[in-house]
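Q: Sharing a structure here in structure tokens format.
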Amino acid sequence: MRTDQRAPNIVKHVFSVDVEDYFQVEAFAGNISRKTWDQFPLRVVDNCNRLLDLLDEHHVSGTFFVLGWIARRCPQLIRTIQERGHELACHSFWHRRVYSLSPAEFRQDLREACDAIEQASSAKVIGYRAPTWSITRQSLWALDILAEEELVYDSSIFPIHHDLYGIPNAKREPYIENCGHGRQIVEFPPATIQIGRMNVPIAGGGYLRLLPLSVTCWVFERYEKAVKPLVLYLHPWELDPEQPRFEAKLRSRFRHYTNLRSTYPRLKQLLTRYSFESFRDKLASEHALPSMVKQYAAMAGD
């Protein structure tokens, strides 16, 4: 029997986690060399376990996009995530922006990451999320490679203006992308709200921490009124206000450290109030994927 107070809800949103540690984030990429990652104490295991306990409490399963580097060093964590009912997906191996790589480098990184995850779990990886949402107009070729490597879906294209990422006029709802050689891949954009002609990011990462919870809930209610699920995302380090602090540019420190203490209580309220599932379950819950995409397309522009 369910013990939470969530009201019956016909909309199941998508819950997703980008599994990386506090020293591997884009905000500090210019300060911390990947060659030194081994020198930092890992906090990702404890932070993931805290998150897994919270998800268990609310009977929620989600998708964990795992960094291959983490899977190699913490295989038991990867098995634990899977054993507790969550989907494992790929977040690259080295957390490098896709548009900084050649197609050959991207393919190699993808293969190494998927192999690390699959070796740890014996699970087939079917989903991908690029570090820093870095599938942009410069790197749309990556979708062809994902399809060639037999991934089923991607969640990397953010339909917003940003200094590091985004395709502002990309679709806001899930859609099927036609790739080379007759292949296809399903694209799941992270949540945005349309204000005038501008798409505003919402319900994930720093946006979840920086914006008032009332605004986040307003967006959830807008999606539910339209009978559309949104994609929520966060990182395990966002539940860790005691993590070590690094010297970096003011903007980087603001993006990374602001309101870390608010993440856990805000997330708990969202899990209590709304229903969630994984990308894998979202795909499986639809009898025919093209029908789902047509439904979203019909709702576009609400």
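Q: Restricting the search to the stretch 227-273, which residues are over 18 Å from the mean Cα position of the chain (by Cα), among the hydroxyl-bearing types (Ser, Thr, Tyr) and closer than 26 Å to VAL60 by Cα?
A: SER262, THR272
Q: Moving on to the next point. May I ask you to list the residues in the stretch 135-145 that are of a type in the set (Ser, Thr, Tyr) and within 17 Å of THR192 (Cβ to Cβ)?
A: Of all residues in the stretch 135-145, those of a type in the set (Ser, Thr, Tyr) come to 136, 139.
Selection gives THR136 alone.
Q: Kindly evaluate TRP94 against the criterion of being touching a His at 6+ places or on another chain (Cβ under 9 Å) and aromatic (Phe, Trp, Tyr).
A: Numbers: touching a His at 6+ places or on another chain (Cβ under 9 Å): no; aromatic (Phe, Trp, Tyr): yes.
No: the conditions fail for TRP94.
Q: Return only the number of the condition from (1) surrounded by 19 or more Cβ atoms within 10 Å (Cβ to Cβ); (2) in contact with a Phe, Trp or Tyr (Cβ under 6 Å, 6 or more places away or on another chain) that PHE246 does not satisfy.
A: The failed condition is (1).
Q: List the pairs whose first member sits in the stretch 96-116 and is in contact (Cβ under 8 Å) with a residue 40 or more places away in the chain and under 17 Å from ILE157 (Cβ atoms), whose second member is of a type in the set (A, V, I, L, M) and open to solvent by less than 70 Å² (accessible area, probe 1.4 Å), and whose Cβ atoms are under 6 Å apart, counting only residues at least 6 apart or on separate chains?
A: Partner pairs satisfying both residue conditions: VAL98/ALA130; VAL98/ILE135; VAL98/ALA142.
Q: Since ILE176 meets every condition but one in (1) of a type in the set (A, V, I, L, M); (2) part of a strand (DSSP E or B); (3) touching a Ser or Thr at 6+ places or on another chain (Cβ under 8 Å), which condition does it not meet?
A: Evaluating ILE176 over (1) of a type in the set (A, V, I, L, M); (2) part of a strand (DSSP E or B); (3) touching a Ser or Thr at 6+ places or on another chain (Cβ under 8 Å) leaves (3) as the failure.
Q: I've got another one for you. Do you know which residues across the stretch 23-61 are touching a residue at least 40 places away in the same chain (Cβ under 8 Å), more than 21 Å from ARG251 (Cβ to Cβ) and open to solvent by less than 40 Å² (accessible area, probe 1.4 Å)?
A: Across the stretch 23-61, the qualifying residues are VAL44, ASN47, CYS48, LEU51, LEU54, LEU55, HIS58, VAL60, SER61.
Q: Which number in (1) touching a residue at least 60 places away in the same chain (Cβ under 8 Å); (2) over 17 Å from SER155 (Cβ atoms); (3) among the β-branched types (Val, Ile, Thr) marks the one condition that ILE78 misses?
A: Only one criterion in (1) touching a residue at least 60 places away in the same chain (Cβ under 8 Å); (2) over 17 Å from SER155 (Cβ atoms); (3) among the β-branched types (Val, Ile, Thr) is unmet by ILE78, namely (1).
Q: Please specify each residue of the stretch 201-245 satisfying the condition of being part of a helix (DSSP H, G or I), charged (D, E, K, R) and touching a residue at least 24 places away in the same chain (Cβ under 8 Å). Quick ask: steps written out before the conclusion?
A: In the first step, residues of the stretch 201-245 are kept if they are part of a helix (DSSP H, G or I); the result is 205-210, 213-225, 236-239.
From the residues that got through so far, the ones that are charged (D, E, K, R) too are 209, 221-222, 224-225, 238.
Those that are part of a helix (DSSP H, G or I), charged (D, E, K, R) and touching a residue at least 24 places away in the same chain (Cβ under 8 Å): ARG209, ARG222, GLU224, GLU238.
Q: Counting just the residues of the stretch 79-118 that are in a loop (DSSP other than H, G, I, E, B) and crowded, with 19+ Cβ neighbours inside 10 Å, which one comes out nearest to the chain's Cα centre (by Cα)? Let's see the steps before the verdict.
A: Residues of the stretch 79-118 that are in a loop (DSSP other than H, G, I, E, B), as a first pass: 84-86, 91-97, 101-102.
In the following step, the residues that additionally are crowded, with 19+ Cβ neighbours inside 10 Å were identified as 86, 91-93, 95-97, 101.
Working: HIS86: 13, HIS91: 8, SER92: 12, PHE93: 15, HIS95: 13, ARG96: 15, ARG97: 15, LEU101: 20 Å.
Ranking the candidates gives HIS91 first.
Q: Please specify each residue of the stretch 208-223 satisfying the condition of being open to solvent by 10 Å² or more (accessible area, probe 1.4 Å) and touching a helix residue (DSSP H, G or I) at 6+ places or on another chain (Cβ under 8 Å). Before the answer, list the steps.
A: Step one: filter the stretch 208-223 for residues open to solvent by 10 Å² or more (accessible area, probe 1.4 Å), giving 210-215, 217-218, 221-223.
Across the stretch 208-223, the qualifying residues are LEU213, CYS217.
Q: Based on what the data block shows, is VAL186 more than 19 Å from HIS256 (Cα to Cα), part of a helix (DSSP H, G or I) and of a type in the set (A, V, I, L, M, F, W, C)? So that I can check it myself, show each step before the final result.
A: Details: more than 19 Å from HIS256 (Cα to Cα): yes; part of a helix (DSSP H, G or I): no; of a type in the set (A, V, I, L, M, F, W, C): yes.
The answer is no for VAL186.
Q: Name the residue that is surrounded by the most Cβ atoms within 10 Å (Cβ to Cβ), counting only residues in the stretch 178-207 that are among the small types (Gly, Ala, Ser) and over 27 Å from VAL25 (Cβ atoms). Reasoning before the result, please.
A: In the first step, residues of the stretch 178-207 are kept if they are among the small types (Gly, Ala, Ser); the result is 180, 182, 191, 196, 203-206.
Keeping just the survivors that are over 27 Å from VAL25 (Cβ atoms) gives 180, 182, 196.
Details: GLY180: 11, GLY182: 7, GLY196: 6.
Residue satisfying both the conditions and the ranking: GLY180.
Q: Shifting gears a bit: Quick check on my filter: what residues within the stretch 127-153 are in contact with a helix residue (DSSP H, G or I) (Cβ under 6 Å, 6 or more places away or on another chain) and among the aliphatic types (A, V, I, L, M)?
A: If the condition is that a residue be in contact with a helix residue (DSSP H, G or I) (Cβ under 6 Å, 6 or more places away or on another chain) and among the aliphatic types (A, V, I, L, M), then ALA130, ILE135, ALA142, ILE145 are the ones that fit.
Q: Looking only at the stretch 142-168, which residues are surrounded by fewer than 16 Cβ atoms within 10 Å (Cβ to Cβ) and not in a loop (DSSP other than H, G, I, E, B)?
A: GLU148
Q: Those residues that are in contact with a Lys or Arg (Cβ under 9 Å, 6 or more places away or on another chain), within 22 Å of GLN76 (Cα to Cα) and either open to solvent by less than 10 Å² (accessible area, probe 1.4 Å) or assigned to a helix (DSSP H, G or I) (or both), I need them from the stretch 119-141; list them, please.
A: Passing the criteria: GLN119, ALA120, SER121, GLY127.
The values are calculated or read from the model by the stated rules, or taken from the named source; none is laboratory data. If you're wondering where the values come from, they're calculated on a predicted model, not measured in any experiment. Please note: Cβ atoms are built from the backbone with ideal geometry, for glycine as well, and neighbour counts cover all protein chains shown. To get the accessible areas, we keep the full protein, side chains included, count just its heavy atoms, and leave off ligands, DNA and RNA. Shrake-Rupley method; radii C 1.70, N 1.55, O 1.52, S 1.80 Å.
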